[in-house]
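Take a look at the structure set out below.
The values are calculated or read from the model by the stated rules, or taken from the named source; none is laboratory data. Nothing here was measured: the structure is a model prediction, and the numbers come from that model. Every residue, glycine as well, gets a Cβ built from its backbone with ideal geometry; the counts of neighbours run over all protein chains shown.
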Amino acid sequence: MLRAQQECQHRNTKATFFLVREDGTEARDTICVPYREFHSASHFLAVMTEAYGLPNFEDSALQLQEMSGNPIRRLRYAVVRPKWAKVSFQIRAGRDADWRALQNILEVAWAASSRGDLAKTYFKIEVTLKVE
């Protein structure tokens, strides 16, 4: 039974995508990032900002740039909304409970899809990066 669950979850992770954009940038395209395992909220945010082309919010080079008087755009948090759910999540660096809440809703949806209770071929998750 466990093997069947693992195969089902693996199949669903291949059909799960993050659609990443920056808040307030209508002209820029949304970036599609395939699902992968994230070990923390900070890891998730680092991957999403890198995929979108924003500087890493933990990068020490940013401090040097800021000290030289160049304005820095920093990630404050991300709003994450599974397209099939009527709920959104705020993912903040260092707040792993944020990421676990999102992961739980994903696992429930994958299980429902496997049982045939949720008619989904692809799982799309909108990610809006909030920068300052």
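Here are the numbers for this structure:
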read-out	value
Residue match in segment 40-60 (condition: in a loop (DSSP other than H, G, I, E, B), modelled with pLDDT of 90 or more and within 15 Å of the chain's Cα centre (by Cα))	yes
Top-ranked residue of segment 95-125 - restricted to ones that are under 18 Å from Met48 (Cβ atoms) and of a type in the set (Phe, Trp, Tyr), ranked as modelled with the lowest pLDDT	Phe123
Extreme residue, farthest from Gln103 (Cα to Cα), among residues of segment 1-29 that are among the β-branched types (Val, Ile, Thr) and at pLDDT 90 or above	Val20
Pick from segment 116-132, criterion among the aliphatic types (A, V, I, L, M) and either crowded, with 16+ Cβ neighbours inside 10 Å or within 13 Å of Val80 (Cα to Cα) (or both), ranking: farthest from the chain's Cα centre (by Cα)	Val131
Selection count where residues are in a loop (DSSP other than H, G, I, E, B) and aliphatic (A, V, I, L, M), scope segment 103-132	2
Output for segment 70-115, where each listed residue is acidic (Asp, Glu) and surrounded by 15 or more Cβ atoms within 10 Å (Cβ to Cβ)	Asp96, Asp98
Tally, over segment 78-102, of residues that are free of Cβ contacts under 8 Å to residues at least 60 places away in the same chain and assigned to a helix (DSSP H, G or I)	6
